[in-house]
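Worksheet for the structure shown next.
The numbers here are math on the coordinates, done by the rules we state, and not lab data. Here the structure is a predicted model, which is why all the values come from computation and not from measurement. Here the Cβ positions follow ideal geometry from the backbone for every residue, glycine too, while neighbour counts run over all protein chains shown.
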Amino acid sequence: MDIASKGEGGQITLFGIEPAIFYTSFGALLLLGASANFGRVILLRIVGERIVARLRSKLFKKTMVQNAEFFDANRVGDLISRLGADTTIVGKSITQNLSDGLRALVSGSAGLAMMTWTSPHLTSVLFFMLPPFAGCAFFFGRAIRNLSRQIQKNLGTLTKIAEERLGNVKTSQAFVGEGPEVGRYNKQVRKIFTLGKKDAWLNATFFGTSGLLGNLTILALLYVGGGMVQSGAITVGQLSSFLLYAGFAGSSMFGLSGFYSELMKGSGAASRLFELQDRQPSSYPTVGQPVKSARGPIEFTGVEFSYPTRPAVKIFHDLTFRIAEGSNVAIVAPSGAGKSTVAQLLLRFYVPTKGTITINGKDIAGMNAKQLRRKIGYVGQEPVLFSGSVADNIAYGRPSASRADIIIAARKANCHFISDFPEGLDTQVGARGTQLSGGQKQRIAIARALLKNPDILILDEATSALDAESESLVNQALAVLLKGNNTTISIAHRLSTIKRSDRVIVIGNDGTIAEEGTYKDLSTRENGAFSQLMQWQLTVSPGEHDTQLDQILEPWNSIKLK
């Protein structure tokens, strides 16, 4: 310090520089350091947010092109967790954590260089401590990565539980099920807490072991360095400087340990993201023959099918039938016999395990699925509306539709209730259409199908959950649809729907056609499956429906039409 603070002739200097210049320069250096630190933080935050945004965008796009079997096997809550929590962890791991690791690496390398310059012999002692450090890092790193993956997986399950229960909270409240649902959620919370405690113990053991190895290293340096001082190989000042550099390098190594621990957590989260990113759908919806029209006869020939998540349960066995172009056909079957599966196959959400489905003689398996779906209108038993305005939902299948076209479609679908809303077509329907009644949602879904003007219209029990008044209004709207030139497939069990069909197809429990023909012909066959079904509709109470229908169709399950 004397050398640093005294100049020639007793003049006060600091490292040979006048005090005013020294303090000004040192202040400028501190300001530069603060600016650099500000730049580092803001740059890393922006880069991190950009990485997370791109990850989420790419993963969501990848998720949206997956086939139906993927969503059958993966819960929505888990996918939401991957898009949310996992991407945040990965983004932090490769930005802020990486920056801290690089800074620790640079400062540690500088400290090691100064140690080598001060005493190469003492520095060589450190290399004997490297194998224990490396072994500790490898063992704990792998354990932390696996545990992090378990935590993220269970967080996905927790998100799934919350999403399902909060989305159906009225049902839980109606059945006074709040207590069990809270208990189910808390059970998963406790599971995550247990894993969190394991993570805490693992990290504590890792950092404790790292600290112990570091202290043992300092002790070894003191022992060897003390001997070197006694032998005159180095001075006390050199040993003190070496230990100072060793402490500097040691703190950097401790920072690297934290960096490695966080990196392994990021690796565990990243593995879940890469699973999703690397998964290739069994078929791409944009690949295949262009579909300019879906008009023409629809034929199912020798179709066999089992859902990918339940391969042992065969839904269809040698299912064969033909639907003429422009006709209105009703498909009738007992519960679980595959009525709705016909629609799923026609929309190419699934591919038959055997047999073919053709439109105008062309196998739909070779068609561009996205273009095919543009030609098909679908109205389900439980209409799905998205958060947004009424107009947005009606125009969902045709976003370019004009306001006038939307109004015409709404009128045809008997959506006169829209005029009673304060904001009319701009009224927000809420998440999943919670602000609307069942009949209102159903009529908006019909308006959506009308606006699309499809070649093929599929009505999947579109009035089954409605009251008499709503059903009457919806049926009036459906009558408008049926007057068009499109081919209509009505998946139904209500007589009102079946009667207005040109042809009725009855599917048996074994996945084959039990009977088919016009409503008039089938109803006159006294011992036929359809005739008995009609009798069942008129006389059996709702609670006995499925059992009675299964019994009616049982004798017909082994009969195949020529």
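Counted by Cβ distance under 9 Å from A413, the other residues give a net charge of +4, where Lys and Arg count +1 and Asp and Glu count -1. For the chain, take the longest principal axis of its alpha carbons; what is the angle in degrees between that and the long axis of helix 403-412, to the nearest 10 within 0 to 90? Long axis of 403-412 versus the principal axis of the chain: about 40 degrees. Quick check: the angle from helix 468-482's long axis to the longest principal axis of the chain, C-alpha only, nearest 10 degrees? Computed tilt is about 80 degrees. For the peptides 516-522, 85-91, 60-66, the ranking by packing is 85-91, 516-522, 60-66, with the highest mean count of neighbouring Cβ atoms within 10 Å listed first. Cβ crowding within 10 Å, taken as a proxy for footprinting-reagent exposure, orders Y396, Y378 from fewest neighbours to most as Y396, Y378. Here's the list of lysines a cross-link from K354 could span, going by alpha-carbon distance under 23 Å and ignoring same-chain residues fewer than 8 apart: K314, K339, K362, K370, K560, K562. Ranked for footprinting exposure by Cβ neighbours inside 10 Å, fewest first, R75, R448 give R75, R448.
If you take every residue apart from V429 with its C-beta less than 9 Å away from the C-beta of V429, what net charge results, scoring Lys and Arg +1 and Asp and Glu -1? The answer is +1.
Neighbours of A324, meaning other residues whose beta-carbon lies under 13 angstrom from its beta-carbon, give a summed charge of -1 when Lys and Arg score +1 and Asp and Glu score -1. Normalised by the number of residues in region 19-278, the mean separation of alpha-carbon contacts (under 8 Å, six or more apart) gives a relative contact order of 37 percent. Taken about its Cα centre, the chain carries a charge dipole of roughly 760 debye when the Cβ of each Lys and Arg holds +1 and the Cβ of each Asp and Glu holds -1.
The distance linking region 203-248 with region 305-381 is 75 Å (Cα centroid to Cα centroid, whole angstrom). If both residues of a DSSP beta bridge must be in the chain, then about 55% of such bridges are antiparallel. In straight-distance terms, cross-link reach from K412 covers every one of the lysines whose alpha-carbon lies under 21 Å from its own, apart from those fewer than eight places away in the same chain; here that gives K375, K441, K452, K483.
Which FRET efficiency value, to the nearest 0.05, is calculated for M64 and R432 with the Förster distance at 22 angstrom and r the Cβ-Cβ distance? After rounding, the FRET efficiency stands at 0.75. Normalised by the number of residues in the chain, the average gap of Cα pairs under 8 Å and 6 or more apart makes the relative contact order 14 percent.
Each label point was placed 7 Å from the Cα along the Cα-to-Cβ direction; for R190 and V384 their separation is 3.6 nm. Helix 19-64 and the long axis of the chain differ in direction by around 20°, with both axes built from C-alpha atoms. Descending by average beta-carbon neighbour count within 10 Å, the peptides 126-132, 312-318 line up as 312-318, 126-132, the highest first. Ordering 18-29, 102-113 by mean Cβ neighbour count within 10 Å, with the highest value first, yields 102-113, 18-29.
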